[in-house]
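The values are calculated or read from the model by the stated rules, or taken from the named source; none is laboratory data. What you see is a predicted model; the values in this text were computed from it and never measured. Cβ atoms come from the backbone with ideal geometry, glycine included; neighbour counts cover every protein chain shown. Surface accessibility is based on the protein's heavy atoms, side chains included, excluding ligands, DNA and RNA. Shrake-Rupley method; radii C 1.70, N 1.55, O 1.52, S 1.80 Å.
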Amino acid sequence: MKLTENVARGGNAQVSIIIPTYNESKNIIKILKSIAANLPKNTFTETIIVDDNSPDGTGKIVEDYLLSVKKIAGYTIDVIHRTAKKGLSSAILHGIQHATGDTIVVMDSDFSHPPQIIPKMIETLKKSQCDIVVASRYIKGGMIQGWPLKRKILSKLATTVAKRGLRINTSDPMSGFFVFNRKIIKGLKFDAIGFKMLLEILVKTREANVKEIPYTFTDRKFGSSKVDFITSVDYVRSVWRLYRYGKLITKKEKRSSVRFLSKAGRFFTVGASGLVVNYLISLLFVAGIADFWYIHANIIGIIASVTSNFILNKVWTFEDTDFAVKRTITQYSKFVGISSIGALVQLSIVFSLVDVYQLTYPLALILAVITASFGNFILNKKWTFKEKIWG
Ligand code: GDD
Ligand code: MN
């Protein structure tokens, strides 16, 4: 990536406008002028042009223009010269990586996307506290001008496929004109295949809040569209990859539910083993190795079973083999605390079910044991062994 030396570098912009260009010699200066006339008020803004070594000299034209144009306070323009045509999404991603603003605007350079609505899009992003603002052709008030019927139908079709297949609610996920909060893509990896950068962002930031504002897409007056057969192949490839990406995420979610259930299963098994330990030890101290008073024997039985439950749950259920003294004592105290509360809860459930709701004792006991053990499980998972509840 080579940067122009003669342009004041941005570095502290609030808003970054990304403009990918390929053979836009007839449009680029006009669009730069129009953007300069429609900058958001009182906002440090930078425009980043990402040119793919356009054979028509777009890159050079911008360089020459930047040498002659009068600087505007609080506004800078950068050019990134790439060596070859690598695709629109890839150019956008490149621009984003270079951008310094928290708010990123993405748009075309051929006047299909009116710069007049940039301030409104940015304002909408700020005011409605959403993460992405999409300029949409497909909501009320939006339109397409100058496209032949064939391209209109293809666009609508591709949009429907993407929305259904990838479960997207945005009405124009294929828009090339959008503004977003940079932090929502932090840590994400992008394929950046073909033209549909917004679609990929929408799929990978499912929780993001999206707002759409209508605009009229006007087909270009100068130069020609770069959409060709390859672009359509890229579209299919990119939707397919995003589809698989979505499947992978659901699989991971499923795995976390499986993990949750298997841990719950182990916890209940340990609980059952505790009953056996309690029974055997209590008997042993009454009639086996000693002849204690049965209450004392039972107390020993309870202590033994709570302790064996603790050790088994620590090592087996929650897979924690760190037996550092302080850590283990803390965990043990919490475990005992939760068990005692659990016992009280169990008692009061049995009491109310039998006494107030007239249930039979065995049924009441089963319900009470299940409720109390489940509560014990959740509390120990979260509090004693510091795990997320889910997963
Ligand atoms: N750097 C770079 N590299 N720029 C490119 C490339 C590339 O390989 N391909 C296209 N561009 C630039 C063009 O110079 C233009 O500024 C912009 O990307 C859009 O290209 P067009 O060829 O004009 O696309 P379109 O008008 O058919 O479709 C546009 O509008 C649709 C509706 O919003 C695109 O933005 C589509 O993604 C969008 O769906
Ligand atoms: Mn265009």
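Per-structure values
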item	result
Residue satisfying condition, being open to solvent by less than 100 Å² (accessible area, probe 1.4 Å) and more than 16 Å from ligand 1 (Cβ to nearest atom), within set Ser232, Ser257, Ser238	Ser257
Residue among Leu379, Leu367, Leu363, Leu312 that is open to solvent by 70 Å² or more (accessible area, probe 1.4 Å) and closer than 21 Å to Val277 by Cβ	Leu312
Any hit, the stretch 24-32, residues being open to solvent by 20 Å² or more (accessible area, probe 1.4 Å), among the acidic types (Asp, Glu) and over 31 Å from the mean Cα position of the chain (by Cα)	no
Condition broken by Gly223, with the remaining ones in (1) surrounded by 12 or more Cβ atoms within 10 Å (Cβ to Cβ); (2) of a type in the set (Gly, Ala, Ser); (3) within 24 Å of the chain's Cα centre (by Cα) satisfied	(3)
Residue in the stretch 124-133 that is near ligand 1 (Cβ under 10 Å from one of its atoms) and either within 30 Å of the chain's Cα centre (by Cα) or in the same structural domain as Ser225 (by TED's automatic domain parsing) (or both) present	no
Considering residues of the stretch 59-68 that are surrounded by fewer than 21 Cβ atoms within 10 Å (Cβ to Cβ) and in contact (Cβ under 8 Å) with a residue 12 or more places away in the chain only, the residue farthest from the chain's Cα centre (by Cα)	Leu67
Members of the stretch 40-51 found to be open to solvent by 10 Å² or more (accessible area, probe 1.4 Å) and either under 30 Å from the mean Cα position of the chain (by Cα) or closer than 12 Å to Ser109 by Cβ (or both), listed by number	Pro40, Thr43, Phe44
Single residue of the stretch 161-172 satisfying the filter (free of Cβ contacts under 8 Å to residues at least 40 places away in the same chain and assigned to a helix (DSSP H, G or I)) that is least open to solvent (accessible area, probe 1.4 Å)	Lys163
Filter result (in contact with a Leu (Cβ under 9 Å, 6 or more places away or on another chain) and either among the hydroxyl-bearing types (Ser, Thr, Tyr) or open to solvent by 40 Å² or more (accessible area, probe 1.4 Å) (or both)) within the stretch 14-23	Tyr22
Output for the stretch 95-116, where each listed residue is surrounded by fewer than 21 Cβ atoms within 10 Å (Cβ to Cβ) and either among the basic types (Lys, Arg) or away from ligand 2 (no atom under 16 Å from the Cβ) (or both)	Gln97, His98, Thr100, Asp102, Gln116
Residue in the stretch 185-201 that is surrounded by the fewest Cβ atoms within 10 Å (Cβ to Cβ), counting only those that are part of a helix (DSSP H, G or I) and in contact with a helix residue (DSSP H, G or I) (Cβ under 8 Å, 6 or more places away or on another chain)	Ile185
Cross-chain or 6+ apart pairs with Cβ under 7 Å, the stretch 135-157 first and within 12 Å of ligand 1 (Cβ to nearest atom), then open to solvent by 60 Å² or more (accessible area, probe 1.4 Å) and not in a helix (DSSP H, G or I)	Arg137/Met143
Matching entry among Phe260, Phe229, Phe267 (being more than 19 Å from Pro20 (Cα to Cα), more than 16 Å from ligand 2 (Cβ to nearest atom) and modelled with pLDDT of 95 or more)	Phe267
Pair list, Cβ under 9 Å, 6 or more apart: the stretch 245-261 residue farther than 23 Å from Lys381 by Cβ, other residue open to solvent by 70 Å² or more (accessible area, probe 1.4 Å)	Gly246/Arg167; Gly246/Arg206; Ile249/Arg206
Flag if Asp291 is loosely packed, with under 12 Cβ neighbours inside 10 Å, of a type in the set (Asp, Glu) and farther than 30 Å from Gly194 by Cβ	yes
Test for Ile389: is it outside any helix (DSSP H, G or I), more than 21 Å from Ile302 (Cα to Cα) and among the aliphatic types (A, V, I, L, M)	yes
Test: residue in the stretch 206-213 that is among the small types (Gly, Ala, Ser), open to solvent by 50 Å² or more (accessible area, probe 1.4 Å) and either within 16 Å of ligand 1 (Cβ to nearest atom) or assigned to a loop (DSSP other than H, G, I, E, B) (or both)	no
Subset of the stretch 69-91 (residues that are open to solvent by 80 Å² or more (accessible area, probe 1.4 Å) and within 7 Å of ligand 1 (Cβ to nearest atom))	Lys85, Lys86
Selection count, the stretch 308-321, where residues are of a type outside the set (A, V, I, L, M, F, W, C), without any contact (Cβ under 8 Å) to a residue 12 or more places away in the chain and either in a helix (DSSP H, G or I) or touching a helix residue (DSSP H, G or I) at 6+ places or on another chain (Cβ under 8 Å) (or both)	1
